[in-house]
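Read the figures in this text as sums done on the coordinates, not as results from a lab. Model, not experiment: these values are computed from the prediction. Reconstructed Cβ throughout: ideal geometry from the backbone, glycine too, with neighbour counts over all protein chains shown.
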Amino acid sequence: ELKAVIFDLDGVITDTAEYHFIAWKQLAEELGIAIDRAFNEQLKGISRMESLERILVHGGKADAYTPEEKEEMAQRKNEHYVSLLERLKPEDTYPGIRELLLELQREGIPAVIASASKNAPQILRALELTELFSYVVPPDSVKRGKPAPDLFLRGAEEIGVGPEACIGVEDAQAGIEAIKAAGMIAVGIGEEAALTASGADVVLPDTTGLTLRFLRELRA
Ligand code: G6P
Ligand code: MG
């Protein structure tokens with residue numbers, strides 16, 4: 001029986017995965033590193049600092065900067081990203097998401113956010129979705145990021161529901177791995193082949209098919 005749905009944020013609730021890509025691409029260009037969408041798949045779900053490290057390794061510059069310089073770069077990326085967030089409005093919520101959250105609320109099934117992003121509360125406010133979530137896991141409250149299960153397990157624990165009664169929803173390969181490591185059913189949003197390879201139980205091309213009826217059948 002379905003007792004909770006634990007959502008990733010960027011790329012599941014709204015298109016902010018694209019904003020992260022734009023902001024990283026700009027920073028990478030400033031460093032003389034080219035990144036494309038295929039490489040970006042490896043950054044999805046990954047923390048700010050770890051993403052920067054991956055970009056530097058990708059560009060052959062893993063040892064080129066001091067920790068202080070890396071801090072400054074990560075901050076520069078975040079400032080650009082936050083400036084892109086200023087345009088976010090409730091209408092930017094992905095199709096069907098608000099309806100699903102309202103259905104879950106009506107049925108008394110908690111919805112939780114398990115995102116690595118420190119900007120999650122601001123994004124939920126901009127989309128006017130804050131009160132539709134029972135809990136937003138603070139990314140700093142867990143030791144390990146995705147693909148480790150910690151963020152999803154912390155979310156389930158907070159609302160007092162066992163992983164076996166949860167469904168996780170993710171657009172990132174690392175996120176699908178995290179959901180499966182947590183012992184939950186994993187719904188992928190996006191490209192079927194990659195997300196299935198990461199262990200997704202089912203993959204939808206976008207959020208339009210993500211209804212309470214669909215989720216309940218998965219956990220029947
Ligand atoms: C999510 C996104 C990543 C992002 C991370 C940290 O996991 O998928 O692309 O790097 O959050 O986000 P933040 O907003 O804290 O930099
Ligand atoms: Mg995501």
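Here are some notes:
- Principal axis dimensions, largest first and in whole angstrom, of the chain by Cα: 52, 33, 31
- Within straight-line reach of LYS3, meaning a Cα separation under 16 Å, sit the following aspartates and glutamates at least 8 residues removed in sequence or on another chain: GLU103, GLU107, GLU157, GLU158, GLU164, GLU217.
- Once Rg and the Kirkwood radius are both taken over the C-alpha atoms of region 15-144, their ratio Rg/Rh works out to 1.02.
- Loop-located GluC sites (Glu not before Pro) across region 1-63 with a Cβ neighbour count of 16 or fewer within 10 Å are GLU1, with loop assigned by DSSP.
- Whole-number percent relative contact order across the chain, with pairs defined as alpha carbons under 8 Å at least 6 apart: 26
- A protection proxy built from the mean count of other Cβ atoms within 10 Å ranks the segments 114-127, 74-87, most packed first, as 114-127, 74-87.
- Mean Cβ count within 10 Å, highest first, over the residues of peptides 133-141, 153-161, 170-178: 170-178, 153-161, 133-141
- If you wrap region 132-220 in the convex hull of its Cα atoms and look at it from every side, the mean projected area works out to 5.6 nm².
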